[in-house]
Amino acid sequence: MWFKNLCLYRLTKPFELTAEALHEKLSERVFHPIGKLEPAFTGWSEPLGEEGDQLAHSSGACIMICTRKEEKILPAAAVRELLDARIQEVEDKEGRKPGAKEKQRMKDEVLLDMMPRAFSKSSRNYAYIDTRNGWMIVDTPNFNKAEEFISLLRETLGSFPVVPVTVASAPGAIMTDWLTRHAPPADISIDDEAELRDPEKDGGIVKIRRQDLSSDEVSVHLEAGKRVTQMALTFDDRISFVIDDQLQLKRIRFTDTVLDEAEDADTAAQRFDADFAIMSLEFSRFIPRLLEIFGGLADEG
């Protein structure tokens, strides 16, 4: 359940629904398995999975929610092969080439014919709302997927006033400064991974892994004008992560210092509760500090 990614949004108005009231709202679009002719469906699912019966799970002031998506797998190569065969059949029988509109209609027919026999895959996506601090964290590796999650929540609730968090200082510039001029704050340590880019259009990109970022090799790239666009860091010996110049965090890992604080649990539900409580507490310390390091919120800077 531990989040591995962090797309951060700020609530522009207080979130006043309780977990129970949110559950009732989400129940209007609960997940269901897709039918034979249904290409995909995304709905709300219990964060606890089979262990739970609520669509909104609270821990203190934080409320966890979860989407589940099921979609048919239609390999492009297989679709193309069958479509080409049907186009060739028209050409052989009627002595003509189908036009663009006819080809699209034929493709739709191919997809419809393949749908009942196609396998499907299912995936879950998690997020939680921190009603006390006024933010929402979506556990997804890119903001496009986070926007899909939030769009579904807006559609379900009627409105959900959040905006992506932006900071007053450019994260890339600050991280570059850490490697070229000033050391990072005492509670931030630089790990052994970074991405450097030339700011010029179509400029070069250097990806560095398992290498000391204070080495002469790295310094040469920085002196040539490249700038940090991604870097691996650790906060307070508790949370390791990779952060990019858009303030998106990936590959989050809670260190043993944090994980050892988790108490033994008898059931999966108890374990979920304990992990959620610890994780949300760690993020409530980490996020304000992260924003502070990068100059605070842009609209407050």
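The values are calculated or read from the model by the stated rules, or taken from the named source; none is laboratory data. In this text, all values refer to a predicted model and were calculated from it rather than measured experimentally. When we count neighbours, we look across all protein chains shown, and the Cβ atoms used for this are built from the backbone with ideal geometry, even at glycine. Only protein heavy atoms, including side chains, enter the accessible area calculation; ligands, DNA and RNA are left aside. Shrake-Rupley method; radii C 1.70, N 1.55, O 1.52, S 1.80 Å.
Quick notes on this structure:
- Screening Thr140, Thr176, Thr180 for residues that are crowded, with 19+ Cβ neighbours inside 10 Å, farther than 20 Å from Phe3 by Cβ and among the β-branched types (Val, Ile, Thr) leaves exactly one candidate, Thr176.
- Residues located in segment 1-45, provided they are in a strand (DSSP E or B), over 24 Å from Ser122 (Cα atoms) and of a type in the set (Phe, Trp, Tyr): Tyr9
- Against the list (1) open to solvent by 50 Å² or more (accessible area, probe 1.4 Å); (2) touching a Cys at 6+ places or on another chain (Cβ under 7 Å); (3) not in a strand (DSSP E or B), the condition Tyr126 fails is (3).
- In segment 255-272, the residues that are of a type in the set (A, V, I, L, M, F, W, C), open to solvent by 30 Å² or more (accessible area, probe 1.4 Å) and closer than 20 Å to Gly52 by Cα: Ala265, Ala268
- Segment 16-30, subset surrounded by fewer than 20 Cβ atoms within 10 Å (Cβ to Cβ) and not charged (D, E, K, R), residue nearest to Tyr128 (Cα to Cα): Ala19
- Leading residue by the ranking (modelled with the highest pLDDT) among those in segment 31-51 that are under 28 Å from Leu281 (Cα atoms) and open to solvent by 20 Å² or more (accessible area, probe 1.4 Å): Glu46
- Enumeration of residues in segment 287-298 that are part of a helix (DSSP H, G or I) and either crowded, with 16+ Cβ neighbours inside 10 Å or touching a Ser or Thr at 6+ places or on another chain (Cβ under 6 Å) (or both): Ile287, Leu290, Leu291, Ile293, Ala298
- Hey, Phe235 without any contact (Cβ under 8 Å) to a residue 24 or more places away in the chain, open to solvent by less than 30 Å² (accessible area, probe 1.4 Å) and among the aromatic types (Phe, Trp, Tyr) or not: no
- Given (1) closer than 24 Å to Thr166 by Cβ; (2) at pLDDT 95 or above; (3) outside any strand (DSSP E or B), index of the condition Lys201 fails: (2)
- The single condition among (1) touching a residue at least 40 places away in the same chain (Cβ under 8 Å); (2) of a type in the set (A, V, I, L, M, F, W, C); (3) surrounded by 15 or more Cβ atoms within 10 Å (Cβ to Cβ); (4) outside any helix (DSSP H, G or I) that Ala194 does not satisfy is (1).
- Qualifying residue in segment 32-48 (condition: of a type in the set (Val, Ile, Thr), touching a Phe, Trp or Tyr at 6+ places or on another chain (Cβ under 7 Å) and in contact (Cβ under 8 Å) with a residue 24 or more places away in the chain): yes
- Checking each residue in segment 162-191 for being assigned to a helix (DSSP H, G or I) and within 29 Å of Phe149 (Cβ to Cβ) picks out Pro171, Gly172, Ile174, Met175.
- One residue from Ser280, Ser284 being part of a helix (DSSP H, G or I), open to solvent by 20 Å² or more (accessible area, probe 1.4 Å), closer than 25 Å to Ala168 by Cα and in contact (Cβ under 8 Å) with a residue 24 or more places away in the chain: Ser284
- Subset of segment 234-261 (residues that are among the basic types (Lys, Arg) and under 12 Å from Lys4 (Cα atoms)): Lys250, Arg251, Arg253
- Figure legend. Inter-residue proximity from segment 143-167: first residues over 16 Å from Arg29 (Cα atoms) and free of Cβ contacts under 8 Å to residues at least 12 places away in the same chain, second residues open to solvent by less than 20 Å² (accessible area, probe 1.4 Å) and among the small types (Gly, Ala, Ser), beta-carbon distance below 9 Å, spacing 6+ or different chains. No pairs are indicated.
- Residue list for segment 208-253, restricted to those being in a loop (DSSP other than H, G, I, E, B) and in contact with a helix residue (DSSP H, G or I) (Cβ under 9 Å, 6 or more places away or on another chain): Gln211, Asp212, Leu213, Ser214, Lys226, Asp236, Asp237, Arg238, Asp245, Gln246, Leu247, Gln248
- Test: residue in segment 55-72 that is assigned to a helix (DSSP H, G or I) and at pLDDT below 95: no
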